[in-house]
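Working notes for the structure below.
The values are calculated or read from the model by the stated rules, or taken from the named source; none is laboratory data. What you are looking at is a predicted structure, and each value in this text was computed from that prediction instead of being measured. When we count neighbours, we look across all protein chains shown, and the Cβ atoms used for this are built from the backbone with ideal geometry, even at glycine. Just so you know, the surface numbers come from the protein's heavy atoms only, side chains and all, with ligands and any DNA or RNA stripped out. Shrake-Rupley method; radii C 1.70, N 1.55, O 1.52, S 1.80 Å.
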Amino acid sequence: MTTNGIRQTYLDFFKSKGHEAVQSDSLVPKDDPTLLFTGAGMNQFKEKFLGRNITYKRAVSSQKCLRTGDLENVGRTSSHHTFFEMLGNFSFGGYFKKEAIQWAWEFMTYSLKLKADRLWVSVYKDDEEAYNIWKDVVKFPVEKIMKFGEKENFWPSEAPSKGPCGPCGPCSEIFYDYGKDVGCGKPDCTPECDCGRFVEVWNLVFTQFDRQPDGNLKPLPNKNIDTGMGLERIAAVMQGVKTNFEIDIFVPIIGAIEGETGHKVTRSQGYKSCVNAIADHIRAVTFCIADGVMPSNEERGYVVRKLIRRAMSHAQDIGINEPFLYKLVSVVADVMKPQYPEIMERRDDIAQVVKREEGNYLNVLKNQLPIVDEAYKKIANEKKGLEAVISGTNSAFVFSDTFGVPFEVSAASAAKYEIPLDKKRFEILQEEQREKSRSKTKIKSEIFSETFAKKVEALGLNTEFLGYEKAHAEALVLAVLENGEIILDKTPFYGESGGQAGDWGKIETKSGVLEVEDAKRFGQTIVHIGKVLRGKIEKGEKAKVSIDEDVRRKIMRNHTATHLLQAALRKVLGVHVHQTGSLVDQDHLRFDFTHIKKMDPREIAHVEEIVNEAIKKAISVDKEIKGLADAKKEGAVALFGEKYGDKVRVVSIGDVSKELCGGTHVDNTKDIIYFRITSESSIASGIRRIEAMTAEAASEWVKKQAEKELKRSESETKKEEEKKASAVRIREEIEKIDSYIANGKIINNTKVIAEIIKNADMAIVSAIADKIKGKSSSIAVIFAERDGMIASFVVSISDDIIKSKNLHAGKLGSEVAKNLGGSAGGKIDFAQGGFKNLLHKDITLEKTLETIIKKL
């Protein structure tokens, strides 16, 4: 069976058992800040496992997952991956062990037609219920039912003795036996042996307990089923190959990599490990970028950057020294398109992001490797033992944080000078730096925290949203939270989501009034946040609820303008443009999108022109609820990485734009009035950001920009006039140079010229001093005077006097300034100085000559 065939067979099998087929969630977990990436099939069902928002009791999925915990083993072993697919069937308080075990056996032996004598199972040592189901219901041979402890057969592992507290339960695993010719060859070999003969293919988790702080396992009122089977692993079994990297979906990728190496490298085990790791990493990178995670130095982006650089390092080990990973993106897209057609749609811009990252990394290595090498050479010469290790590790962190040099590269350079680096210390320094970065943008208020979200979701309250049709409503107060936030049974307030800010307005009851300054959505609950104007709102009261229609109107303009903007960008820059993020509030809009290079002024102007043309045409903005398949068939643009239900809201603007969107919009493009882009910038590799305004805000911005431009122009004109006046003045003063030289005094066979130039600045006196030095062997001290007071001066000494008298202009200037209550500094032949308190010209020359006489 092909991998695609196995996946579909699994989904169809459990659909026939009454399961809802749920599409894979994004690799970026939505509304779950506890996870960096989706790492298991159950992640998207967390709320249902907790008994909330249960719209179906049975589900089946093939979930794309990313894990980096075993990164070092990827490529070296037969089945470790970063990116993989997890087949899973789930029950939320519905069926339990008997059905889960029976259906697992039926699928393995009837749907996949695996031979029963090749299968073994394990159960938790104290789980007699599961043991008896396998023995008595399935009629599985008892000698092939293994009993393992809590480390192997409990989820989370070792939860009974070590925690954590919360939902947990025993599990039952299914193993495939490759046969006695594989592995250790011992006649008594069982799944307990790690020789490779047995491979675990399916884990059935029976979530039936709630672990208490005292270690007691309290039975859950609703028992759940959570199973997981690695698609790549079961494909290897079905296709009769020994490693996951030999299955059908890896063969084209492996072939493309090997084709790139040609005959440069012997096909050793090390070679195969490198090829396998590259194949794994490019799959992970392709899917991450498709879900909006771009290479960067922070969190998810850092993982993507690390995977690209590890893959490049492996490529160099097998003789590939030029960018080539980007060529593999189209291979991955072609292999995975039956299940993930969106990858094929975005393959070109994903490839561009990867190519740029490869180029950047090669530049880093080219420019920084000599510096890294020199640093470790210096450390080896100056430090020994633990001091060298600490210094070397600190340097590795600086190279990584500042220049993007991987730890492995620094470690290889340090090894040449016999300096071992401390990987653990390096990781601690990295985490400290990330924490510093996070703290700069951390929002202190608990209202935005994960804790607050969990508190809200735990209430299990649903708020009906009326805001598409109504601006006012009567509602019931369902809850008043500890900081005064209000939850209603129904509301016209849009709760912040999908990049659109929450509404403003007012909630009034008999006992109090709340001025709402924000609204946020948590699952099915909308929370109203603001300040109390009068009294205190109580739970159970009836409330009059009104949004601020002016604020809503501005938000709607900006949101509809965002849709027009995306359509215009795709028209001007190309269909590779896809939204990666947005923010829409009453003041402005922000739109992040995929594009590899900076937009030029002509492109920005063209985009503005297209959007404003659509506004002038007064196009109707239609909103409809449609089936997801129908909407996509009509060409509606979906946000990549976003998960949609069977029914979606489609916002259409004539033949200009059609998007899936749950936000609020104007009824006609003419309501936007005017659109103007205020900035265009880069926020990550391959991601650009546009900020823009609409209506009065845009017009006001244009007006302010015009005023700034006028001031700038006037300032430049003034500077130009002053520059011209200064040039004229310099020419006039240069004509007097001979008289300045003639007026100079001879001190110890050295000509000293000290002059005060009226109505002069530093540029004028510097030019005069320079001309004097060119015409006369001398020391020149020239002061600038304005309105009878002196603020600055210069000192210039000709080269011959510097040598003959061993003088330094900077030092002489400092002594002159010090004697006059100022400061100065400069080079050997020229210095300049000034005075905090303006000097009267009468005493200046006298004291200056005194200083120079002492010096000479």
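In table form, for the structure just shown:
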item: Accessible area expressed per residue, region 118-175, with surrounding protein chains retained (probe 1.4 Å, Å²); result: 43
item: Neighbourhood charge, 10 Å Cβ-Cβ cut-off, centred on Phe830 and excluding it, Lys, Arg +1 and Asp, Glu -1; result: 0
item: Prolate/oblate/rounded call for region 186-285, Cα gyration tensor, a/c under 1.5 rounded; result: prolate
item: Cα-based reach from Lys17 at 12 Å (exclusive), listing aspartates and glutamates while leaving out same-chain residues under 8 positions away; result: Glu99, Glu106
item: Surface per residue (accessible, 1.4 Å probe) for region 440-576, Å²; result: 49
item: Accessible surface of Arg347 - all protein chains present, 1.4 Å probe, nearest 10 Å²; result: 80
item: Among Met556, His808, Gln524 the positive-end extreme of the charge dipole of the chain (Cβ point charges); result: His808
item: Global size of region 709-788 as Cα Rg and Dmax, reported in angstrom; result: 15.6, 57
item: Hits among lysines - C-alpha to C-alpha of Lys378 under 27 Å, sequence gap 8 or more where chains match; result: Lys366, Lys416, Lys423, Lys424
item: Residue-level accessible surface for Lys337, protein heavy atoms, 1.4 Å, Å²; result: 90
item: Gap separating the Cα centres of region 600-635 and region 787-856, nearest whole Å; result: 69
item: Per DSSP, loop GluC sites (Glu not before Pro) in region 185-291 with at most 16 further Cβ within 10 Å; result: Glu192
item: Region 353-410 versus region 154-205: alpha-carbon centroid distance in Å; result: 42
item: Whole-number D in µm²/s for region 731-856 (Stokes-Einstein; Kirkwood sum over Cα pairs; 10 °C, 1.306 mPa s); result: 113
item: Solvent exposure ordering (accessible area, 1.4 Å, most first) of Leu369, Leu710, Leu119; result: Leu710, Leu369, Leu119
item: Inter-part distance where region 452-516 and region 267-325 are each reduced to a Cα centre, Å; result: 46
item: The chain, accessible surface, carbon-and-sulfur percent (1.4 angstrom probe); result: 49
item: Surface accessible to a 1.4 Å probe, Arg649 within the full protein complex, Å²; result: 30
item: Normalised contact order of the chain, rounded percent, pairs of Cα under 8 Å and 6 or more residues apart; result: 6
item: CD proxy at 222 nm, helix term only [per DSSP H run n ≥ 4: -39500 (n - 2.57); per residue of the chain; nearest 500]; result: -13000 deg cm²/dmol
item: Helix 325-336 vs. the chain, principal-axis angle (Cα, 0 to 90°, nearest 10); result: 30
item: Entries of Lys539/Lys626; Lys97/Lys186; Lys64/Lys647; Lys306/Lys520; Lys48/Lys135 with Cα pairs more than 29 Å apart; result: Lys539/Lys626; Lys97/Lys186; Lys306/Lys520; Lys48/Lys135
item: Spatially proximal lysines relative to Lys836 (Cα-Cα < 18 Å; intrachain offsets below 8 disregarded); result: Lys818, Lys847
item: Region 309-443 - charge dipole about Cα centre, Lys and Arg +1 at Cβ, Asp and Glu -1, debye rounded to 20; result: 280
item: Folded to 0 to 90 degrees: helix 809-819 orientation relative to the chain principal axis, Cα; result: 70
item: For the chain, fraction of C-alpha pairs farther apart than 42 Å, in %; result: 54
item: Helix 450-459 vs. the chain, principal-axis angle (Cα, 0 to 90°, nearest 10); result: 40
